[in-house]
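Peer 1: Structure below; questions to follow.
The values are calculated or read from the model by the stated rules, or taken from the named source; none is laboratory data. In this text the structure is predicted, and so the values were computed from the model without any measurement. Quick reminder, even Gly has a Cβ in these numbers, built from the backbone with ideal geometry, and neighbours come from all protein chains shown.
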Amino acid sequence: MNPLEQFLQRLARDPQLRRQVQEAITADQVAMLAQELGYAVSGSDLLRLSGRSVAGVRVTRVDHPGEYPGRYY
């Protein structure tokens, strides 16, 4: 099992971690949470799983309006 799957398994059974992940704004912030717990996970790893379920956790990319301020001028 790879580190991302291990992290998602932990996420499935840890309500406090789920709250932290739900409060994160970017995939990189979620990856930082995983890394702080010892899982070698990147934001790109998470984005590649968008739309799929692993270990009972559905990974969904959320597009935030204005995520890149000034980009569309």
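Peer 1: What's the total number of residues in the range 7-25 that are assigned to a loop (DSSP other than H, G, I, E, B) and either among the aliphatic types (A, V, I, L, M) or touching a residue at least 40 places away in the same chain (Cβ under 8 Å) (or both)? Walk me through it before giving the result.
Peer 2: In the first step, residues of the range 7-25 are kept if they are assigned to a loop (DSSP other than H, G, I, E, B); the result is 14, 24-25.
Still in the list and also either among the aliphatic types (A, V, I, L, M) or touching a residue at least 40 places away in the same chain (Cβ under 8 Å) (or both): 24-25.
Here the count works out to 2.
Peer 1: Pick from the range 36-60 the residues that are assigned to a loop (DSSP other than H, G, I, E, B) and surrounded by 13 or more Cβ atoms within 10 Å (Cβ to Cβ): which of them is modelled with the lowest pLDDT? Give the derivation first.
Peer 2: Here is the first cut: in the range 36-60, the ones assigned to a loop (DSSP other than H, G, I, E, B) are 37-42, 49-51, 55-56, 60.
Remaining after also requiring surrounded by 13 or more Cβ atoms within 10 Å (Cβ to Cβ): 37, 39-42, 49, 55.
Details: LEU37: 97, TYR39: 97, ALA40: 97, VAL41: 96, SER42: 95, LEU49: 90, ALA55: 85.
Ranking the qualifying residues of the range 36-60, first place goes to ALA55.
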